[in-house]
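Step one of this worksheet: look at the structure below.
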Amino acid sequence: MHEIITQGIGALAYLVIALSYFKKTKKSILAIQILAYILFTVHYSMLMARTGTMCNILGLISLILIYIFDYYIPKKKNLLVFILIPILVVISLLTYENIYSIFPIIASVLSLLSFTKDDENFIRLIGIVGATCWFIYAIVVGSYFAIIFEVITITTTIIAYIKNRKEKKNGRTNKIFKRNK
């Protein structure tokens with residue numbers, strides 16, 4: 001029964017994160033992703049995956065801080081990210097379980113770095129690497145829905161990356177990630 005509940009929470013977390021991308025504003029996306037990170041934290045905690053749990057707790061804290069900074073102190077966002085990265089690395093290394101623990105740490109650091117960029121293809125590349133890292137970790141800790149979701153994420157992000165590169169090569173650009181200033 002514990003396994004079914006654990007995997008169910010993982011499935012719900014991935015459903016929530018996927019649904020967040022259908023929201024129209026960055027604020028709405030971040031708000032829903034905060035809920036997803038709470039579910040991810042519970043999921044990895046139930047799997048006894050300490051590094052994954054800690055990375056998700058720190059990801060949750062980071063999302064909340066970025067949400068606040070993005071709307072109330074936008075010019076300090078990069079400073080916040082570069083303060084959070086060393087904290088993430090130190091705390092994650094303290095929860096180090098095995099060689100595979102490095103993968104969620106790498107994914108989490110890359111995810112934080114993506115908040116400092118406006119280049120959507122760079123963000124997509126980070127997404128591909130991050131999803132690959134979580135995919136490897138999910139196999140090791142037995143997060144079945146994470147395995148499925150990360151394969152879908154990797155595949156769709158590669159397609160989006162290639163499509164966007166072709167569009168840029170042909171002179172068209174996608175401004176979806178550009179903020180109004």
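Each value in this text was obtained by applying a stated rule to the coordinates, not by laboratory testing. Worth saying up front: this structure is predicted, and the values here are computed from it rather than measured. With ideal geometry, Cβ positions are generated from the backbone for all residues, glycine too; neighbour counts draw on all protein chains shown.
Brief remarks follow.
- Site-free segments of the chain were taken between chymotrypsin sites (Phe, Trp or Tyr not before Pro) in DSSP loops having at most 16 other Cβ atoms within 10 Å, sites themselves excluded; the longest one is 97-176.
- Here the Karplus curve 6.51 cos²θ - 1.76 cosθ + 1.60, taken at θ = phi - 60°, turns the phi angles of region 15-28 into couplings of 5, 5, 5, 5, 5, 4, 6, 8, 6, 8, 10, 4, 4, 5 Hz, with x standing for Gly and Pro.
- When the trypsin sites (Lys or Arg not before Pro) in region 53-150 are filtered for DSSP coil states and for at most 14 other beta-carbon atoms within 10 Å of their beta-carbon, the remaining sites are LYS117.
- Cα shape, region 1-64, gyration tensor, a/c 1.5 rule: oblate
- The alpha carbon gyration tensor of region 2-169 gives principal lengths a ≥ b ≥ c with a/c below 1.5, which makes the shape rounded.
- Calculated from backbone phi, Karplus (6.51, -1.76, 1.60) coupling profile of region 88-96 in Hz, x at Gly/Pro: 4, 5, 4, 5, 5, 5, 5, 9, 3
- Take every pair of alpha-carbon atoms less than 8 Å apart whose residues are at least six positions apart; their mean separation over the length of the chain yields a relative contact order of 19 percent.
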